[in-house]
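Student: Sharing a structure, written as structure tokens. Questions coming.
The values are calculated or read from the model by the stated rules, or taken from the named source; none is laboratory data. Please read these numbers as outputs of a predicted model, since none were measured by experiment. Neighbour counts are summed over all protein chains in view; Cβ atoms, including those assigned to glycine, are modelled from backbone coordinates with ideal geometry. Heads up: the accessible areas ignore ligands, DNA and RNA and are worked out on the full protein's heavy atoms, side chains in. Shrake-Rupley method; radii C 1.70, N 1.55, O 1.52, S 1.80 Å.
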Amino acid sequence: MKRIAVIPGDGIGIDVTRESMRVLRRVNEVFAAGLEFVEFDWGAEKYLREGIALPPGAFEMFRKDFDAILFGAVGDPRVPDQRHAAEILLALRFGLDLYANVRPVRLFDERLCPLKGVGVDDVNFTVIRENTEGAYVNSGGVFKKGTPDEVANQVEIHTRKGVDRIIEYAFEYAERQGKTKVCMSDKSNVMAYAGDLWQRCFKTAASRYPRIHTSHLYIDALCLLMVRQPRGFEVIVTNNMFGDIVTDLAAALQGGLGMAASGNINPGNVSLFEPVHGSSPPLAGKNIANPMGSILTAAMMLEYLGLIEPARAVERAVIACVNEGHTTQDVGGRLGTCEVADAVLGKL
């Protein structure tokens, strides 16, 4: 038995999670997967009603009682500072030490890619993003706020432990997936101190993986080559901010944010899986959001839990639906959110 915590969140997170849950329940029926689901109503509604984002004891509960977390999206204009979103999603990433953000980038049909002359074999790589350090630790402050002399200071934090482990994860991931190339990206020509740490850690790790071909690109060059020559990449590892930016560019290569899945991983521990799109409140409840990113996220979660055959079956079902045009409007189809899930269920 595998216990899954389900947090739909806000906006279209609720819509797409509902459909990926239908797929997971079908997986239970077809594969006797033994998945048990517990849903949590954490999001803007609860925050506005009760002032609670993430209740006390949540981290301990997840570590003790659950194998994985399926997440939707958080964000609501009724909470202008989005405090609840940070106190739920970022808190879970930091509190559960989910240090590896894993973003597979795979094109299922050439019609979905905005680049000319690019086929399905040209876009198939994974971005490994450091997930608990860098610019996202919210270290800094403001001095003389609101005056002409105002100073804002935002500090990035990079630790040897944090950089070592994400780079090691990238090499281990490459070996597990049968990949032969790992590219590390930074901006060490300008960000000299953090860049030096990343460079040294990368070279040290590379020496332990002689079968892996390594390369380095500044982040701006990486963005250029991802568009011009995406086929050249297999595994990319980078810091928190650069990874956040470059994965949105990568999503465009595979058909947009609606097709993009991700996992927030702490190997061997409870980990969180979420589609990379936001909550998009204007689209919520209209049956138009693309659920495929959430469904593919569920497949990632299944694989993490060791349920390889069901994970591959879900992925094949999504690919078949894309190839046959059973998709939402954002990727060229005419179906609604629920109808796309119906099509995937039919394939399963």
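Student: Please name all residue pairs, on different chains or six or more residues apart, with Cβ atoms under 8 Å, provided the first residue is in region 293-309 and is free of Cβ contacts under 8 Å to residues at least 24 places away in the same chain and closer than 14 Å to P104 by Cβ and the second residue is open to solvent by less than 20 Å² (accessible area, probe 1.4 Å) and part of a helix (DSSP H, G or I).
Tutor: These pairs meet every condition: E303/A311.
Student: Turning to a different aspect of this structure: Could you give me the residue pairs with C-beta distances under 9 Å whose first residue belongs to region 130-156 and is under 28 Å from N264 (Cβ atoms), whose second residue is among the basic types (K, R) wherever it lies, and which are 6+ apart or on separate chains?
Tutor: E130/R165; N131/R93; T132/R93; Y136/R93
Student: From G57, G51, G9, G43, grab the single residue that is open to solvent by less than 50 Å² (accessible area, probe 1.4 Å) and free of Cβ contacts under 8 Å to residues at least 24 places away in the same chain.
Tutor: Within the list G57, G51, G9, G43, the selection yields G57.
Student: Spot the failing condition for T328; the list is (1) farther than 25 Å from S215 by Cβ; (2) open to solvent by less than 10 Å² (accessible area, probe 1.4 Å); (3) of a type in the set (S, T, Y); (4) touching a Phe, Trp or Tyr at 6+ places or on another chain (Cβ under 9 Å), and only one is missed.
Tutor: Just one mismatch for T328, condition (4).
Student: Does I52 count as part of a strand (DSSP E or B) and over 17 Å from the mean Cα position of the chain (by Cα)?
Tutor: Taking the combined requirement at face value, the residue does not satisfy it.
Student: From (1) in contact with a strand residue (DSSP E or B) (Cβ under 8 Å, 6 or more places away or on another chain); (2) more than 19 Å from V331 (Cα to Cα), pick out the condition that doesn't hold for N269.
Tutor: The one condition N269 does not meet is (1).
Student: Sticking with this structure for a sec: Return a yes/no flag: does region 12-29 have any residue that is part of a loop (DSSP other than H, G, I, E, B), among the aliphatic types (A, V, I, L, M) and buried (at least 20 other Cβ atoms within 10 Å of the Cβ).
Tutor: Looking through region 12-29, none of the residues is part of a loop (DSSP other than H, G, I, E, B), among the aliphatic types (A, V, I, L, M) and buried (at least 20 other Cβ atoms within 10 Å of the Cβ).
Student: Same structure, new question: For region 169-283, please list each of the strands (runs of 3 or more DSSP E) lying entirely inside it that holds at least 2 residues being open to solvent by less than 10 Å² (accessible area, probe 1.4 Å).
Tutor: Because the criterion is at least 2 residues that are open to solvent by less than 10 Å² (accessible area, probe 1.4 Å), the strands (runs of 3 or more DSSP E) in region 169-283 that meet it are 181-186, 235-238, 261-265, 271-275.
Student: Further question: Kindly indicate whether A194 is free of Cβ contacts under 8 Å to residues at least 40 places away in the same chain, of a type in the set (A, V, I, L, M, F, W, C) and either in contact with a helix residue (DSSP H, G or I) (Cβ under 6 Å, 6 or more places away or on another chain) or over 30 Å from T328 (Cβ atoms) (or both).
Tutor: Against the criterion (free of Cβ contacts under 8 Å to residues at least 40 places away in the same chain, of a type in the set (A, V, I, L, M, F, W, C) and either in contact with a helix residue (DSSP H, G or I) (Cβ under 6 Å, 6 or more places away or on another chain) or over 30 Å from T328 (Cβ atoms) (or both)), A194 does not qualify.
Student: Still on this structure: State yes or no: is R3 surrounded by fewer than 22 Cβ atoms within 10 Å (Cβ to Cβ), assigned to a strand (DSSP E or B) and basic (K, R)? Can you show your working first?
Tutor: On the way: surrounded by fewer than 22 Cβ atoms within 10 Å (Cβ to Cβ): yes; assigned to a strand (DSSP E or B): yes; basic (K, R): yes.
Yes; evaluated as a whole, the condition is true for this residue.
Student: If I filter region 80-101 for residues that are without any contact (Cβ under 8 Å) to a residue 60 or more places away in the chain, part of a strand (DSSP E or B), among the small types (G, A, S) and surrounded by 11 or more Cβ atoms within 10 Å (Cβ to Cβ), do I get at least one hit?
Tutor: Taking every residue of region 80-101 in turn, none turns out to be without any contact (Cβ under 8 Å) to a residue 60 or more places away in the chain, part of a strand (DSSP E or B), among the small types (G, A, S) and surrounded by 11 or more Cβ atoms within 10 Å (Cβ to Cβ).
Student: Let me ask another. Can you name the number of the only condition in (1) within 19 Å of I245 (Cα to Cα); (2) open to solvent by less than 10 Å² (accessible area, probe 1.4 Å); (3) in a helix (DSSP H, G or I) that F125 fails?
Tutor: (3)
Student: Being over 30 Å from A320 (Cβ atoms), in contact (Cβ under 8 Å) with a residue 40 or more places away in the chain and either open to solvent by 30 Å² or more (accessible area, probe 1.4 Å) or part of a loop (DSSP other than H, G, I, E, B) (or both) is true for just one of R111, R63. Which residue is that?
Tutor: Answer to the check: R63.
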